[in-house]
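Submitted below is the structure of interest, expressed as structure tokens.
The values are calculated or read from the model by the stated rules, or taken from the named source; none is laboratory data. Being a predicted model, the structure only gives us computed values, none of them experimental. For neighbour counting, all protein chains shown are included, and Cβ atoms are generated from backbone atoms with ideal geometry for every residue, glycine included.
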């Protein structure tokens with residue numbers, strides 16, 4: 001998939017899906033279906049318009065990019081969202097971006113999509129334009145619930161990554177640089193790859209998870225290590241089953257499968273090792289399921 005900043009996009013006809021697409025969930029995927037180009041924004045528009053209202057995001061840009069590429073899209077066009085772009089009238093967005101720059105023959109949006117200064121642009125404004133066909137996708141439901149980034153965010157915060165994956169259409173992923181920790185995992189016979197999560201992203205609630213990382217099954221702890229009272233900030237610690245090597249400084253992407261238990265304090269390191277062994281066995285069993 002070709003990734004292009006809007007100013008560098010070449011002139012040609014396109015079927016364009018437009019949206020912020022935080023999480024690239026199954027509702028977003030329905031908007032994207034049938035398009036050859038996805039048009040999105042970076043950073044998230046709220047980061048510029050109302051930074052105090054910006055929620056924790058479900059994915060970083062690299063993960064969003066890869067999820068969209070996985071849908072078979074030929075091109076991702078990124079609008080560098082800043083104060084000048086935020087001040088653009090909705091009609092200008094249609095005229096200058098969709099028509100003149102991207103040559104849209106079809107525009108696909110979700111039914112609640114808004115655009116332009118003060119969010120005055122909507123699906124009806126797009127439908128009124130003769131230059132392209134407008135495809136408006138209704139909200140999608142799963143098990144009686146509307147699929148939305150905000151609802152998924154709540155599931156993630158509560159640790160229900162299994163249900164979140166149903167809404168997302170794929171496992172929740174988190175990526176970061178592997179950093180040095182306290183090396184207690186190594187001392188306990190279970191060395192972990194440690195990530196300090198980006199504070200701008202939604203992170204699963206404190207607990208232990210079955211996950212995949214670096215091509216390996218993994219048992220992952222998200223939390224603050226209460227057994228040792230380190231006083232350190234939130235850390236994501238992944239024990240990669242069968243892995244031997246050094247990942248320090250590398251980018252590690254973790255795909256969460258299922259929550260196994262909450263984080264808890266143990267009275268001794270020996271008790272913690274016993275529980276960690278059980279966690280690894282349970283994670284392997286969970287990840288072996290069809």
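Please state which of the following conditions residue 136 fails to meet, knowing it meets all the rest: (1) under 30 Å from residue 83 (Cβ atoms); (2) in a strand (DSSP E or B); (3) under 22 Å from the mean Cα position of the chain (by Cα).
(3)
Tell me whether segment 87-94 contains one or more residues that are over 24 Å from the mean Cα position of the chain (by Cα) and either closer than 26 Å to residue 63 by Cα or without any contact (Cβ under 8 Å) to a residue 12 or more places away in the chain (or both).
Within segment 87-94, not a single residue is over 24 Å from the mean Cα position of the chain (by Cα) and either closer than 26 Å to residue 63 by Cα or without any contact (Cβ under 8 Å) to a residue 12 or more places away in the chain (or both).
While we're here: Being in the same structural domain as residue 108 (by TED's automatic domain parsing), modelled with pLDDT under 95 and either out of contact with any strand residue (DSSP E or B) (no Cβ under 9 Å at 6 or more places or on another chain) or outside any strand (DSSP E or B) (or both): is that true of residue 35 here?
Taking the combined requirement at face value, the residue does not satisfy it.
Which members of segment 94-111 meet the condition of being part of a helix (DSSP H, G or I) and either within 23 Å of residue 30 (Cα to Cα) or in contact with a helix residue (DSSP H, G or I) (Cβ under 6 Å, 6 or more places away or on another chain) (or both)?
Scanning segment 94-111 gives 94, 97, 98, 99.
Looking only at segment 25-44, decide whether some residue is at positive phi and surrounded by 15 or more Cβ atoms within 10 Å (Cβ to Cβ).
no
With respect to residue 73, determine if the residue is touching a residue at least 24 places away in the same chain (Cβ under 8 Å), part of a strand (DSSP E or B) and surrounded by 14 or more Cβ atoms within 10 Å (Cβ to Cβ).
Against the criterion (touching a residue at least 24 places away in the same chain (Cβ under 8 Å), part of a strand (DSSP E or B) and surrounded by 14 or more Cβ atoms within 10 Å (Cβ to Cβ)), residue 73 does not qualify.
If you don't mind, another one. Looking at this structure, is residue 67 modelled with pLDDT of 95 or more, closer than 30 Å to residue 199 by Cβ and not assigned by TED's automatic domain parsing to the domain that holds residue 201?
yes
Could you give me the residue pairs with C-beta distances under 6 Å whose first residue belongs to segment 163-174 and is within 19 Å of residue 197 (Cβ to Cβ), whose second residue is assigned to a loop (DSSP other than H, G, I, E, B) wherever it lies, and which are 6+ apart or on separate chains?
If the second residue must be assigned to a loop (DSSP other than H, G, I, E, B), the pairs left are 164/172; 165/171; 168/23; 168/25.
Are any residues in segment 141-154 surrounded by 19 or more Cβ atoms within 10 Å (Cβ to Cβ) and over 13 Å from the mean Cα position of the chain (by Cα), and if so, which ones?
Correct list: 147 only.
Report, by residue number, each residue of segment 110-133 that is within 19 Å of residue 85 (Cα to Cα) and surrounded by 14 or more Cβ atoms within 10 Å (Cβ to Cβ).
Across segment 110-133, the qualifying residues are 113, 114, 115, 116, 117, 121, 122, 125, 126.
Got a number for residues in segment 95-121 being touching a residue at least 24 places away in the same chain (Cβ under 8 Å), touching a strand residue (DSSP E or B) at 6+ places or on another chain (Cβ under 9 Å) and more than 19 Å from residue 8 (Cβ to Cβ)?
Residues that pass the stated criteria total 10.
Another one. From the residues in segment 164-184 that are over 13 Å from the mean Cα position of the chain (by Cα) and crowded, with 19+ Cβ neighbours inside 10 Å, which one is farthest from residue 261 (Cα to Cα)?
178
Are any of the residues in segment 9-17 buried (at least 19 other Cβ atoms within 10 Å of the Cβ), assigned by TED's automatic domain parsing to the domain that holds residue 132, under 17 Å from the mean Cα position of the chain (by Cα) and in a loop (DSSP other than H, G, I, E, B)?
no
A follow-up question, please. Are any residues in segment 189-210 touching a residue at least 60 places away in the same chain (Cβ under 8 Å) and either under 19 Å from residue 269 (Cα atoms) or part of a loop (DSSP other than H, G, I, E, B) (or both), and if so, which ones?
Within segment 189-210, 189, 190, 198, 200, 202, 203, 208 meet the criteria.
Being modelled with pLDDT under 95 and within 29 Å of the chain's Cα centre (by Cα) is the filter; apply it to segment 256-287 and report the residue that is nearest to residue 217 (Cα to Cα).
276
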